[in-house]
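Reviewing the structure listed below.
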């Protein structure tokens with residue numbers, strides 16, 4: 001029996017974190033871990049070793065790109081695929097984020113069904 | 001209160017008045033003498049002493065003649081004085097305008113030395129007029145790091161009368177006396193006078209404007225984020241409810257929820273469009289222009305809209321055009337999908353929408369044609385305005401924001417194109433937009449100047465491998481653009497001497513030469529390289545403004561060499577062949593293995 005994939009959601013907004021968690025758990029059937037800041041996310045990624053990370057871009061103190069770079073710099077976490085979630089919709093912004101080396105850049109606001117499908121497809125997981 | 005001195009002109013005027021009275025008095029005296037003499041002539045003529053009469057007649061004539069000459073002279077002097085006064089007044093007026101202008105005014109001679117410096121220049125740059133006059137402009141207001149480029153550009157302008165900043169409004173970084181750098185906007189014009197050329201520059205400190213722009217950007221970004229954050233939660237929560245994941249809803253409840261979802265989506269689109277339009281129209285978004293294939297753009301647009309078309313029962317018919325554009329592909333795709341989306345919305349089930357493109361002269365014309373309800377003639381223009389739709393209910397019923405066509409127009413206009421609609425009410429509409437076709441290599445837009453690394457800049461030695469010998473800065477930028485699109489930086493050498501200096505320090509991977517005359521700098525550069533063992537097989541790209549004969553070609557050839565004649569090669573072909581040559585260089589082992597390349601020579 002295949003183990004349930006675990007996704008770490010890092011977002012400073014409680015409501016969004018909850019909506020994403022419910023979406024991924026109920027629609028995708030994934031196990032979701034959460035962190036409300038980049039710092040906590042880094043720690044949780046290292047200790048919990050999730051299968052993927054959904055990372056918000058605009059967060060206080062440590063933003064998404066900085067958190068991603070820290071994840072990449074850490075041997076314990078650099079293998080974990082990261083998907084960025086951003087409210088920036090400009091193509092240039094998305095390209096700039098994509099150039100960081102993340103797996104995908106998804107935009108907010110999102111439809112929960114679509115978000116789950118995009119995460120599944122991006123990570124190559126069978127839905 | 002504004003004041004200016006007019007003492008010199010008052011003194012002149014007084015002097016002129018004294019002269020005038022003196023002349024009048026002398027004229028009156030002489031005239032009187034002449035009249036008296038004339039009367040005497042009559043009396044004397046009757047006498048026998050005719051000689052005496054003749055003398056008196058002569059005297060009278062001379063007196064009258066002198067009087068007339070004096071009056072004429074007085075008139076001339078008066079006119080000259082008036083002209084001088086008028087000129088002085090104009091000069092004072094011009095000086096007053098310059099001295100009270102809110103912009104700095106700097107004039108310089110062809111040696112680059114300051115010949116005029118107004119009070120606002122004193123304020124902006126911190127140098128008094130007395131201190132600034134006679135100084136070099138470059139050393140006074142140009143930051144150290146840009147000085148070499150400025151001087152080179154100035155020399156280039158003096159020899160060619162062509163320059164990237166002449167007769168334009170450009171923004172550069174300037175230097176204050178205290179060493180502080182700040183942004184300025186300047187407009188430069190050349191005044192050709194008999195006494196020599198003068199370059200006049202009006203300069204405006206735009207530090208505050210930049211700060212406001214930054215604040216506006218931050219505000220837009222903040223609003224964007226702050227609006228989207230709650231919307232993300234709302235849309236997500238509604239979506240979870242609507243998809244039934246949290247349990248079934250009664251039919252009426254589901255319907256109400258669908259309304260909430262639909263309108264949340266509409267609000268999201270509206271926010272996106274408002275922000276997008278603001279950024280596009282204000283120029284905050286620079287069109288990321290690149291070479292893009294029209295076939296790809298049209299096919300991609302149709303693919304994006306296919307799901308919407310299927311849902312509406314509408315067919316999309318695409319007739320792609322196989323040619324390339326110099327455009328921002330994301331934005332052109334946005335324009336095409338927007339027009340297709342409108343066409344789908346206003347087409348009835350079973351209808352077909354045509355997307356076509358055709359080359360017409362120097363532009364390509366895109367068409368999106370539908371057989372919908374059409375547009376009344378009085379709305380054909382206004383639909384491209386913000387929040388203007390054919391019917392006020394369209395926003396609600398069709399789910400549009402009323403901003404899509406305004407965004408399309410901004411995008412097309414920023415590409416130098418036009419957009420319009422033609423329609424027969426009841427029979428359908430056709431939306432057209434044009435985009436200019438790239439004509440030749442030189443037609444490609446320039447990259448910002450700082451992308452070109454001058455040879456004299458030490459940093460160039462670390463990263464640049466393609467050496468461009470080109471005295472035309474604009475054309476050098478075109479070349480830079482071509483290479484930079486492929487992640488290759490260039491070193492720009494405006495003269496052959498600078499090219500040789502560079503090669504003495506580092507071997508380039510490829511040499512690019514602009515050959516404009518039989519004594520062009522390219523020939524001695526190649527001759528010099530030929531005498532160096534490690535450079536004699538260097539790949540070369542030659543751009544000539546005429547067809548080179550075989551002996552000239554031979555003199556310019558080192559390793560594999562491409563020859564282009566300007567105006568006869570499209571930008572695409574130029575790029576394709578040059579990049580093909582570079583690919584070959586890489587495949588053959590990179591630096592130090594020039595001799596293994598297959599020669600590609602073309603005319």
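The values are calculated or read from the model by the stated rules, or taken from the named source; none is laboratory data. Predicted model only: the values in this text are computed from it and were never measured. Heads up, the Cβs are rebuilt from the backbone with ideal geometry, glycines too, and the neighbour counts pull from every protein chain shown.
The table below gives the values:
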{"item": "Which numbered condition residue B:419 fails, given (1) at pLDDT below 85; (2) under 23 Å from residue B:279 (Cβ atoms)", "result": "(1)"}
{"item": "Conditions (1) within 14 Å of chain B (Cβ to nearest Cβ); (2) touching a helix residue (DSSP H, G or I) at 6+ places or on another chain (Cβ under 8 Å); (3) surrounded by 19 or more Cβ atoms within 10 Å (Cβ to Cβ); number of the one not met by residue A:17", "result": "(2)"}
{"item": "Qualifying residues in region B:315-360 (those that are within 14 Å of chain A (Cβ to nearest Cβ) and within 18 Å of residue B:303 (Cβ to Cβ)) - the one farthest from the chain's Cα centre (by Cα)", "result": "B:337"}
{"item": "The listed residue being at pLDDT below 90 and either within 14 Å of chain A (Cβ to nearest Cβ) or closer than 21 Å to residue A:11 by Cα (or both), out of B:198, B:262", "result": "B:262"}
{"item": "Residue A:100, sole failed condition from (1) touching a strand residue (DSSP E or B) at 6+ places or on another chain (Cβ under 7 Å); (2) surrounded by fewer than 16 Cβ atoms within 10 Å (Cβ to Cβ); (3) closer than 23 Å to residue B:218 by Cα", "result": "(1)"}
{"item": "Test: residue A:54 is surrounded by 14 or more Cβ atoms within 10 Å (Cβ to Cβ), in contact with a helix residue (DSSP H, G or I) (Cβ under 6 Å, 6 or more places away or on another chain), under 20 Å from residue A:14 (Cβ atoms) and more than 10 Å from every other protein chain (Cβ to nearest Cβ)", "result": "no"}
{"item": "Region B:324-359, subset in a strand (DSSP E or B) and touching a residue at least 40 places away in the same chain (Cβ under 8 Å), residue surrounded by the most Cβ atoms within 10 Å (Cβ to Cβ)", "result": "B:327"}
{"item": "Sole residue being within 14 Å of the chain's Cα centre (by Cα) and either within 14 Å of chain B (Cβ to nearest Cβ) or within 23 Å of residue B:334 (Cα to Cα) (or both), chosen from A:113, A:59", "result": "A:59"}
{"item": "Pick from region B:146-186, criterion in contact with a strand residue (DSSP E or B) (Cβ under 9 Å, 6 or more places away or on another chain) and part of a loop (DSSP other than H, G, I, E, B), ranking: farthest from residue B:495 (Cα to Cα)", "result": "B:176"}
{"item": "Within region A:85-104, tally of residues that are modelled with pLDDT of 90 or more and within 14 Å of chain B (Cβ to nearest Cβ)", "result": "1"}
{"item": "Residues being assigned to a helix (DSSP H, G or I) and out of contact with any helix residue (DSSP H, G or I) (no Cβ under 6 Å at 6 or more places or on another chain) - total across region B:247-267", "result": "13"}
{"item": "Tally, over region B:273-298, of residues that are at the interface with chain A (Cβ under 9 Å from one of its Cβ atoms) and either loosely packed, with under 14 Cβ neighbours inside 10 Å or modelled with pLDDT of 80 or more (or both)", "result": "2"}
{"item": "Residue ID - nearest to the other protein chains (Cβ to nearest Cβ), chosen from residues in region B:224-251 that are farther than 17 Å from residue A:22 by Cα and modelled with pLDDT of 85 or more", "result": "B:249"}
{"item": "Which numbered condition residue A:73 misses (of (1) free of Cβ contacts under 8 Å to residues at least 24 places away in the same chain; (2) within 13 Å of chain B (Cβ to nearest Cβ))", "result": "(2)"}
{"item": "Looking only at region B:489-503, and only at residues there that are modelled with pLDDT of 70 or more and within 25 Å of the chain's Cα centre (by Cα), the one that is surrounded by the fewest Cβ atoms within 10 Å (Cβ to Cβ)", "result": "B:494"}
